[in-house]
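Here is the structure we will look at, set down as C-alpha cells.
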Amino acid sequence: MMYPFMTLEDNTEIVHSEQLENGEVKVYVETPDEKDCFHNMTCYLPSYRVEVNGYSENEVNYYLDIIRSTAHLIFEFSREGGFMNASGF
C-alpha cells in the first residue's frame with residue numbers, strides 16, 4: 001500500500017509505502033511533465049538507493065534533500081498506516 005505524504009507547489013507528489021518485510025520503506029516521487037507526461041523517482045530507505053526516470057541530477061538531489069529531512073516522519077508514518085492514521089485525524 002502507498003500512502004500520500006506531500007504535494008509540492010509544482011504538483012510533484014511524494015508517497016511512501018508501509019514498512020516492507022525487509023525493513024525498507026519505498027518512497028515514490030512523481031512530477032507531471034508536458035513533454036514526457038511524468039518524471040519519477042523511487043527511493044528506498046534507509047539505504048537511499050534510487051531509480052530515476054526523467055529527472056536531472058539537480059532535481060534528484062533536491063528531492064533527496066526533502067526525503068532526507070523528513071525520513072524520520074516517513075518511517076513513523078510507514079509503521080502507523082500513513083499520516084492520517086499516525087496523526088489521529
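The values are calculated or read from the model by the stated rules, or taken from the named source; none is laboratory data. These numbers were taken from a predicted model, which means no experiment stands behind them. Ideal geometry is used to build each Cβ from the backbone, glycine not excepted, and the neighbour counts take in all protein chains shown. Note: accessible area is taken over every heavy atom of the protein model, side chains too, but ligands, DNA and RNA are not part of it. Shrake-Rupley method; radii C 1.70, N 1.55, O 1.52, S 1.80 Å.
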Fill in the blank from the handout: Of every hundred units of 1.4 Å-probe accessible area on the chain, the number belonging to carbon and sulfur atoms, as a percent, is 49
Practice task
Please calculate how many Å² of accessible area the chain carries per residue, with a 1.4 Å probe and no DNA, RNA or ligand atoms counted.
Solution key: 63
Handout entry: Total formal charge among the other residues, if their Cβ is under 10 angstrom from that of Asn53, Lys/Arg +1 and Asp/Glu -1
Key = -3
Completion exercise
With every protein chain in place, the accessible area of Thr42 for a 1.4 Å probe, in Å² rounded to the nearest 10, comes to 10
Exercise for the section: Just subtract the alpha-carbon distance of Phe38 and Asn11 from 0.36 nm times their residue separation and send over the number in nm, one decimal. Expected result: 8.6 nm
Practice task
Along Cα→Cβ, 7 Å out, is where each label goes; now give me the distance between the ones at Arg79 and Glu51 in nm to one decimal.
Solution key: 2.7
Exercise for the section: Enumerate the amide H contacts of Gln19 below 5 Å, restricted to partners 5 or more residues apart or on another chain; note that Pro and chain-start residues carry no placed amide H. Expected result: Arg79
Exercise for the section: Sort largest first and round to whole Å: the equivalent ellipsoid semi-axes of the chain, each the square root of five times a Cα gyration tensor eigenvalue. Expected result: 22, 15, 11
